[in-house]
Amino acid sequence: MHRPSTNLSRQDGAALIVAMWVVALMAIMVSSFAFDMHVEAKVLSYYKKRMQATHLAKAGVERARMLLIKSVELKDQLSGLEDPSEHEDSATSWFDSAKGLSEGVPVMAAISILGRGEVVLTIIPEEARRNVNRLTEEDWERIFEVTAIPEEEWEVMIDSYLDWIDADETDRLSGAESEYYEELEPSYVSKNAALDTVDELLLVRGFTRGILYGLPPEDQEDAEDWIPPLVPMHELLTVYGDPQGRVNVNAASLEVLMTLPGMDDLMATEIISERNGEFLGDIEQPEAEDTSFESVADFNSRFPEIGQAVSGKITTSASLYRIVSVGRLKGVEHTVSCIVSFSKGEMEILRWSESDVL
């Protein structure tokens, strides 16, 4: 019986091992190629959704423009109607939002379906926040009370803020001018002019990330003893508010209302309930009724006990708006935030920012 030689058997075994390695390498290469294709497809899909979400968000800003224009038209048209539901456009998707804007009521997270995606739109009069460049010492003290800033820190923060915006280099008793900031790392000088953004407060002595944004300190040791503010100061302030520093009582939040003279949480809550038509003992309210404040005189007539205290500090009109438009498509979001002025049917963009959420 013939038997293969030992050398031939070894050659066959080596060839088999090489063949197996080649097959294994090819399998790895094919698997790697398939994985790369999968990743590329996912990335391409994300960027496609992101682009569509971006267009949706920008379309939301244009919808906001339309709503502001319609709100002006409705203000005149609805004045002659006893029941707004009789208006020819009352059944349209935009009517309620435009009607609310015409009454000074903000649009909060209104959802519109566009194709396969959606737009979440918020429109709030910017006068609903305190104009940081028009705040007095008394205004700051009330803001610090609402945000629960320790009273021992007030004097330094107020004096430093006033030194930052005044035109000279003479520091107040507890304030800070360029001499103080030049010793910091990195160093800078006092601006001696009005703030251009609320974020600029971070440059002012005493103002921190925790106070402004409600974020813990970056230093781990300081973070251990950090107590978050009741409300981040950033949510109360703006540089685009009313030129006289007045607050729009039709749109201001509970916390902003509490920063007004003579105001506490109970009174602020009552004002919000009044403007929203949430009358005690009256669960069902006629939808046609406009319960917002038509004017400062109207506010004073409904709240005579506080009208004198807030005289000159409030308004019911709006010409500046904060628009937040979120475009959503299958788990991908793109947000456009802008501040606009609106007058005589024309909208002008004053500030614009965009961000993505995956």
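Expressed in nm to one decimal, what extension gain is obtained for the pair Glu354 and Ser174 from 0.36 nm per residue of sequence separation less their Cα-Cα distance?
Full extension from Glu354 to Ser174 adds 60.9 nm.
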- Rh_Kirkwood(the range 105-195) over Cα pairs, Å, one decimal, evaluates to 16.2
- Can you list the lysines whose alpha carbon is less than 22 Å from that of Lys49, not counting same-chain residues fewer than 8 positions off? Lys58, Lys330
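Based on the Kirkwood radius over alpha-carbon pairs, what is the Stokes-Einstein translational diffusion coefficient of the range 157-214 at 4 °C with 1.567 mPa s viscosity, in µm²/s?
Working: Rh = 11.4 Å.
For the chosen part, D equals 114 µm²/s.
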- Item | Alpha-carbon spread of the range 12-117, three principal axes, descending order, Å | 100, 19, 17
- Note on the structure: Once the dipole of the chain is set up from charges on Cβ (+1 Lys and Arg, -1 Asp and Glu), the residue from the list Thr92, Trp352, Val156 lying farthest towards its positive end is Thr92
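Over the chain, average the accessible area per residue using a 1.4 Å probe and give it in Å², no decimals. It would help to have the intermediate numbers written out before the result.
Working: 20760 Å² over 358 residues.
Heavy-atom SASA per residue in the chain reads 58 Å².
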- Query: Glu346 to Asn192: extension gain in nm, 0.36 nm per residue of separation minus the Cα-Cα distance?
  - Reply: 52.1 nm
- Message: What whole-number volume per residue, in cubic angstrom, does the convex hull of the C-alpha atoms of the chain give?
- Response: 283
- the range 159-258 - Rg over Rh from alpha carbon coordinates, Kirkwood radius: 1.01
- When the accessible area of the chain is computed with all protein chains present and a 1.4 Å probe, what percentage of it is carbon and sulfur? 55
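Only loop residues by DSSP count here, and only those with at most 15 other Cβ atoms within 10 Å; note down the GluC sites (Glu not before Pro) in the range 36-125 that meet that. Intermediate results must be reported in sequence, preceding the final value.
Details: sites: Glu40, Glu62, Glu73, Glu82, Glu86, Glu88, Glu103, Glu118; in loops: Glu82, Glu88, Glu103.
Qualifying residues, ordered by number: Glu82, Glu88.
Just order 126-132, 55-61 by mean Cβ neighbour count inside 10 Å, highest at the front, would you?
On the way: 126-132: 25.7, 55-61: 21.7.
Averaged packing, sorted descending, gives the order 126-132, 55-61.
Considering all alpha-carbon pairs of the range 52-208, what whole percent are spaced by more than 29 angstrom?
Numbers: 5751 of 12246 pairs.
It works out to 47 percent of all Cα pairs.
The values are calculated or read from the model by the stated rules, or taken from the named source; none is laboratory data. Since the model is a prediction, treat every value here as computed from it, not as a measurement. A quick note on method: Cβ atoms are made from the backbone with ideal geometry, for glycine too, and the neighbour counts reach across all protein chains shown. Surface accessibility is based on the protein's heavy atoms, side chains included, excluding ligands, DNA and RNA. Shrake-Rupley method; radii C 1.70, N 1.55, O 1.52, S 1.80 Å.
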